[in-house]
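Only one structure is covered here, and it is reproduced in the block below.
The values are calculated or read from the model by the stated rules, or taken from the named source; none is laboratory data. Because the structure is predicted, anything quoted here is derived from the model rather than measured. Cβ coordinates were reconstructed from backbone atoms using ideal geometry, including for glycine residues, and neighbour counts include every protein chain displayed.
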Amino acid sequence: MPVTKKQLSGKRVVFGVGGSIAAYKAILLLRRLTDLGADVEVVMTTSACEFITPLTFQTLSGHPVHTNTFNPDDNMAHLRLAENADLILVSPATANLIGRFAQGMADDLLSTIILASHAPLLVVPAMDGGMWQHPLVQQNVKTLRETGVEILDPEFGSLASGHIGWGRFPSEEAIMSSIISLLTMPGDYHDEVVLITAGPTHEAIDPVRYIANRSSGKMGYALAQAAQKRGAQMVLVTGPTSLTPPPGIHTISVTTAEEMRDAVHKHFERATVVIMAAAVADYRPDQPAKTKLKKQGREQVSLALSPTPDILTSLSAQKSGQFMVGFAAETEHLIEEATRKLKAKGLDMIVANDVTKPGAGFGSDTNAAVVLDAHGLVADLPLMPKREMATKLLDLIRIRLNQQK
């Protein structure tokens, strides 16, 4: 990514250095950051100090290096650094650090700062011996990514042990590109209150069973995290999912379509943008059983179903300037169905995806969609990570919001 001199002037970075042989490469990143005008304070783990001395980082950053939670000269360092940071960079990050972060541990200064801060967190892994591909490491990476942490994938190549494999420290250019992207992310949603729904709803058959769909909530959560990073005041209404609520986002957990409707209506009036990414169940049992239904041989059982509340239609009737975005998960006639819903529900924009396409269905980390709006826009978004799609959808919404002003 091309950069300009002092592009990061005024940006404050907390630079966490982990205990890896790649720690020496952190010196080069620190030099690049300070050359671009960033104000950088370095936090070293105990293990990192075994590979390189704090004096090196102090000389280049112009600040004392933090190595201990209990510093009598700066006993509130963890709060000061957490509150003032525009970005927390952990580079290199070992498998141990990634595991501790994923578990929410705060047993040293760096991990305490991470838990206390709402700043974006960029983690740059470096490890050897096949650790990167270990299922437990991958699970920890997945957990962090689901909470909005940016984690670069390490490269394939020669490792410090002499082996060839995954775990090589990413290139300096790749790391700097991610840093600059996070630090210069547009704050173009600062004046917006964004209300987003995510996940499925569960409609009880009895205390044990329910009607639901395969929605994972990943698209809605990605949108909430992306909007938060762009400055929005966020409200996330989520059905039952396995995802961790994003830190710093007002999250309301619901179970049924009726509960989701009530939560959305409660916050609708103050919202300026409403993105209904949840896959709300269309039907619910008329008479949920109060006790578990017992299997009676091989007799067939019939369920009487009634429609659940149409949340979008009810919101449209109360609309007072909110920009409303719906989602349409279809298996056929994608454009036709999306166009019909766009008009019938009084939406400003609709995001339609064919859930039968590989990689674009419920539960995946990727998505592909066609975006339609009330002004005739037809934007084709090819298969991409849901985090990237969230950014592109917010870009399209922002264009329309600017045109309305």
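Given the criteria surrounded by fewer than 22 Cβ atoms within 10 Å (Cβ to Cβ), of a type in the set (Phe, Trp, Tyr) and on the phi < 0 side of the Ramachandran plot, does Phe70 qualify? Here the answer is yes, as Phe70 does meet what is asked.
Scanning the stretch 297-336 for residues that are touching a Phe, Trp or Tyr at 6+ places or on another chain (Cβ under 8 Å), hydrophobic (A, V, I, L, M, F, W, C) and over 26 Å from Leu223 (Cβ atoms) yields one hit, Leu305.
Checking the stated criteria, Ala329 turns out to be more than 21 Å from Phe268 (Cβ to Cβ), crowded, with 19+ Cβ neighbours inside 10 Å and out of contact with any Asp or Glu (no Cβ under 7 Å at 6 or more places or on another chain).
Using the structure shown, decide if Ala22 is closer than 20 Å to Ala95 by Cβ and either assigned by TED's automatic domain parsing to the domain that holds Gly162 or surrounded by fewer than 22 Cβ atoms within 10 Å (Cβ to Cβ) (or both). Against the criterion (closer than 20 Å to Ala95 by Cβ and either assigned by TED's automatic domain parsing to the domain that holds Gly162 or surrounded by fewer than 22 Cβ atoms within 10 Å (Cβ to Cβ) (or both)), Ala22 qualifies. Taken over the stretch 186-230, residues that are under 20 Å from the mean Cα position of the chain (by Cα) and not hydrophobic (A, V, I, L, M, F, W, C) amount to 20. Which number in (1) closer than 18 Å to Ala277 by Cα; (2) at pLDDT below 90; (3) of a type in the set (Gly, Ala, Ser) marks the one condition that Gly162 misses? That leaves (1) as the condition not met. Screening the candidates Lys319, Lys292 for the property of being in contact with an Asp or Glu (Cβ under 8 Å, 6 or more places away or on another chain) and outside any helix (DSSP H, G or I) yields one hit, Lys292.
This table checks each residue for (1) touching a helix residue (DSSP H, G or I) at 6+ places or on another chain (Cβ under 8 Å); (2) modelled with pLDDT under 95.
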site	(1), (2)
Asp282	no, yes
Gln287	no, yes
Lys294	no, yes
Leu315	yes, yes
Gln322	yes, no
Ala328	yes, yes
Glu336	no, yes
Lys343	no, yes
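In the stretch 277-305, what residues are of a type in the set (Ser, Thr, Tyr) and in contact with a strand residue (DSSP E or B) (Cβ under 6 Å, 6 or more places away or on another chain)? Across the stretch 277-305, the qualifying residue is only Tyr283. Scanning the stretch 211-231 finds no residues that are assigned to a strand (DSSP E or B) and buried (at least 23 other Cβ atoms within 10 Å of the Cβ).
Looking only at the stretch 128-145, how many residues end up being within 21 Å of the chain's Cα centre (by Cα) and hydrophobic (A, V, I, L, M, F, W, C)? The total comes to 4. Within the stretch 145-193, being more than 29 Å from Met219 (Cα to Cα), of a type outside the set (Phe, Trp, Tyr) and buried (at least 20 other Cβ atoms within 10 Å of the Cβ) holds for Leu159, Arg168.
Considering each residue of the stretch 279-286 in turn, at least one proves to be assigned by TED's automatic domain parsing to the domain that holds Lys386, out of contact with any Asp or Glu (no Cβ under 9 Å at 6 or more places or on another chain) and not in a loop (DSSP other than H, G, I, E, B).
Looking only at helices (runs of 4 or more DSSP H) that fall completely inside the stretch 92-171, which ones have 2 or more residues that are among the hydroxyl-bearing types (Ser, Thr, Tyr) and outside the structural domain of Gly199 (by TED's automatic domain parsing)? So that I can check it myself, show each step before the final result.
Values: elements: 95-102, 109-116, 135-146.
Counting at least 2 such residues, we get 109-116.
Filtered by the rule that a residue be in contact with a strand residue (DSSP E or B) (Cβ under 8 Å, 6 or more places away or on another chain) and more than 13 Å from Thr45 (Cα to Cα), the stretch 15-25 gives Ala22, Lys25. Within the stretch 250-274, the set of residues being farther than 24 Å from Met349 by Cα and either assigned to a loop (DSSP other than H, G, I, E, B) or not assigned by TED's automatic domain parsing to the domain that holds Lys218 (or both) comprises Val254, Thr255, Thr256.
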